[in-house]
Amino acid sequence: MGYLDHSTNNIIVDAVLTDIGREFLARNDGSFSIVKFAMGDDEVDYTMIQKFGRTVGKEKIEKNTPVFEAQTNANLALKYRAISVSNPNLVRIPQVSLTSDGLDSTGSFISMTRTGSGASRSVTLTQTITGESLIDPELRDQAYIIKMANQFVSLSGFTPDTIDKDGVATYILLRAPGETSAGGSTIALPLAIRSITDTQFTVYGNSTDKNIITTVVTATGLQSGATKEFEIQIKAVG
């Protein structure tokens, strides 16, 4: 669902079904029912608040922010979902930090190989917060949504909840027991490379180096809505 640009004060809402929604509707068996919806603020640049202050910054966001149209691809829509929190004094939300085998020095990607010891990596995601000693209890993630390209990467020992028509596998995983000193949760992801052929490297390899395939994994906390995206670079040889 998105808002269409209009020259008057009227608000025009463009509502569309995602590809999965259309699939359910096409069954025509009465099972299709919209029971909930989510809002997002993908377009909003909150640095306006930092730069101009709350009053002027808010006005600039309202008047100058371009509004995205509705997306039918669920993988592109609502990357940053709005959340509801009862604490009226909340000023900071948690983030998700990444530690892993094979993580490069800048923390921008994880290096893996098609075969050998580099074909599996242990990745840990941890809730952190800056400027506060504790994460608000309502924002302590109890589960995470993990998305990845199913033809290249999987989670060892887990079965995807869904695999969409674009080959994106979605896993819903519970947090690990215990919590951090700030009250945050952690989750371990046992990444494993699937069997990748030379033809796949030719087709999907990087434009500058066909011996490397770059893919992205996205992790989203169910309670906080915090998202962490990281790249995996898969090399044809170890």
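Hey, what did region 174-238 get for relative contact order, percent, Cα under 8 Å, at least 6 apart?
Worked out over region 174-238, it gives 21 percent.
So what J values fall out for region 216-226 if you push phi through Karplus, 6.51 cos²θ - 1.76 cosθ + 1.60 with θ = phi - 60°, rounded to Hz, Gly and Pro as x?
Running phi through 6.51 cos²θ - 1.76 cosθ + 1.60 with θ = phi - 60° gives 10, 10, 10, 10, 10, x, 5, 7, 7, x, 5 Hz.
For the chain, find the longest principal axis of its Cα atoms and tell me its angle to the long axis of helix 54-64, 0 to 90°, nearest 10.
The angle comes out near 80 degrees.
Hey, in the GNM for the chain with a 10 angstrom Cα cutoff, which one of G157, G183, G53 fluctuates hardest?
G53
So for the chain, averaging the separation of alpha carbon pairs under 8 Å that are six or more residues apart and normalising by length, what relative contact order in percent results?
With pairs under 8 Å counted, the relative contact order is 20 percent.
Just how much of T159 is accessible, in Å², when a 1.4 Å probe is used and the result is rounded to the nearest 10?
Result for T159: roughly 110 Å² accessible.
Please give, to one decimal in nm, the separation of the simple spin-label points placed at T124 and T214, each 7 Å out from Cα toward the Cβ.
The two pseudo-label positions are separated by 2.8 nm.
Give the separation of the Cα centroids, region 13-34 to region 92-151, in Å.
Each part reduced to its Cα centre gives a spacing of 33 Å.
If I build a Gaussian network model for the chain, linking alpha-carbon pairs within less than 10 angstrom, which residue out of L139, L98, L17 has the largest mean-square fluctuation?
Result: L17 has the largest fluctuation of those listed.
If you only keep lysine pairs separated by 8 or more in sequence, or across chains, how many in the chain come under 13 Å at the Cα atoms?
The number of close lysine pairs in the chain is 5.
Could you pull out every residue, at least 5 positions away or on a different chain, whose amide H is within less than 5 Å of the one on A143? Hs are placed 1.01 Å off N in the peptide plane, and Pro or chain starts have none.
Close amide H contacts, sequence-distant or interchain: R175, L222, Q223.
Taking θ = phi - 60°, what integer Hz values does the Karplus form 6.51 cos²θ - 1.76 cosθ + 1.60 yield along region 172-184, in sequence order, with x for Gly and Pro?
Values, residue by residue: 10, 10, 6, 5, 6, x, x, 8, 7, 4, 8, x, x Hz.
List the residues, sorted by chain then number, that are 5 or more residues from Y80 or on another chain and whose placed amide H is less than 5 Å from its amide H.
D41, D42
So how much accessible area does R92 have, in Å² to the nearest 10, using a 1.4 Å probe?
Here the residue's solvent-accessible area equals roughly 100 Å².
What accessible area, in Å² to the nearest ten, does a 1.4 Å probe give for S207?
The value for S207 is about 110 Å².
If you rank V123, V237 by how much accessible surface each has, with a 1.4 Å probe, what is the order from largest down?
V237, V123
Percent antiparallel among DSSP beta bridges with both residues in the chain, to the nearest 5?
90
The values are calculated or read from the model by the stated rules, or taken from the named source; none is laboratory data. The structure presented is a predicted model; accordingly, all values stated were derived computationally and were not measured. Cβ sites come from the backbone with ideal geometry, for glycine too, and all protein chains shown count toward neighbours. We work out accessible area using only protein heavy atoms, side chains counted, and drop any ligands, DNA or RNA first. Shrake-Rupley method; radii C 1.70, N 1.55, O 1.52, S 1.80 Å.
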